[in-house]
1. When residues of region 79-136 are filtered for being in a helix (DSSP H, G or I) and either among the hydrophobic types (A, V, I, L, M, F, W, C) or surrounded by 14 or more Cβ atoms within 10 Å (Cβ to Cβ) (or both), how many remain?
2. Name the pairs whose Cβ atoms lie under 9 Å apart, with the first residue in region 1-29 and touching a residue at least 60 places away in the same chain (Cβ under 8 Å) and closer than 29 Å to Asn118 by Cβ, the second part of a loop (DSSP other than H, G, I, E, B) and open to solvent by 60 Å² or more (accessible area, probe 1.4 Å), and 6 or more positions between them or separate chains?
3. Looking only at residues that are in contact (Cβ under 8 Å) with a residue 40 or more places away in the chain and part of a loop (DSSP other than H, G, I, E, B) in region 41-52, which one is most open to solvent (accessible area, probe 1.4 Å)?
4. Name the residue that is nearest to Leu37 (Cα to Cα), counting only residues in region 54-78 that are aromatic (Phe, Trp, Tyr) and crowded, with 19+ Cβ neighbours inside 10 Å.
5. Step by step: first the residues of region 6-40, then only those that are part of a loop (DSSP other than H, G, I, E, B) and under 17 Å from Asn96 (Cβ atoms), then the one that is nearest to the chain's Cα centre (by Cα). Which residue is that?
6. Mind checking which residues of region 71-90 are of a type in the set (Ser, Thr, Tyr) and more than 16 Å from Ser2 (Cα to Cα)?
Amino acid sequence: MSNAIRHVFDKGYNRCILTGSDLPLLHSCAVDDAFNLLEKHDIVLCPTEDGGYYLIGMKQLCEEVFRLEEYGVSSVFEKTLAAAAKCGRTCAVGHNTMDIDEKEDLMKLQKMLAADSNLECKETRIVLKEIFLKRG
């Protein structure tokens, strides 16, 4: 993640946002809001329901926030916030959403989509339908 952000800044950009790719319920407003938060803060983090984060944005690279001893645990978000504060960086918190890391996450998403027809995810609905039809 640090290298990806460094690459963007090396290209001359003055803000960078990096997101995960397992975010079926991510809305563009969350990304827009993250960029807006970077107007007044050094770093923006958007949490996931499992204690991690799905988006990190910066105005200047802060490698220290990526030097956690452990990823994939429920304290990653909080430890990243603490690392930013330790470096003297202001950090804003953006929108929360779910990510898909485990089978249970996918099952939860399927139930959410079945219960709420207003949720987007047209292509995700098609794939989930295929998966659950194959399973019987």
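The values are calculated or read from the model by the stated rules, or taken from the named source; none is laboratory data. Predicted, not measured: the structure shown is a model, and the values here were computed from it. Neighbour counts are summed over all protein chains in view; Cβ atoms, including those assigned to glycine, are modelled from backbone coordinates with ideal geometry. Calculation scope for accessible area: heavy atoms of the full protein, side chains included, ligands and nucleic acids excluded. Shrake-Rupley method; radii C 1.70, N 1.55, O 1.52, S 1.80 Å.
1. Here is the first cut: in region 79-136, the ones in a helix (DSSP H, G or I) are 79-86, 103-115, 122-135.
Still in the list and also either among the hydrophobic types (A, V, I, L, M, F, W, C) or surrounded by 14 or more Cβ atoms within 10 Å (Cβ to Cβ) (or both): 79-85, 105-110, 112-115, 124-128, 131-133.
Counting residues in region 79-136 that are in a helix (DSSP H, G or I) and either among the hydrophobic types (A, V, I, L, M, F, W, C) or surrounded by 14 or more Cβ atoms within 10 Å (Cβ to Cβ) (or both) gives 25.
2. Every condition considered, the pairs that remain are Asp22/Asp101; Pro24/Glu120; Leu25/Glu120; Leu26/His95; His27/His95; His27/Glu120; Cys29/His95.
3. Within region 41-52, the subset in contact (Cβ under 8 Å) with a residue 40 or more places away in the chain is 41-50, 52.
Narrowing further to those that are part of a loop (DSSP other than H, G, I, E, B): 41-42, 49-50, 52.
Details: His41: 57, Asp42: 47, Glu49: 105, Asp50: 68, Gly52: 11 Å².
Step by step, filter region 41-52, then rank; the result is Glu49.
4. Tyr54
5. Here the residue is Gly20.
6. Looking only at region 71-90, we keep the residues that are of a type in the set (Ser, Thr, Tyr), and these are 71, 74-75, 80, 90.
If the condition is that a residue be of a type in the set (Ser, Thr, Tyr) and more than 16 Å from Ser2 (Cα to Cα), then Ser74, Ser75, Thr90 are the ones that fit.
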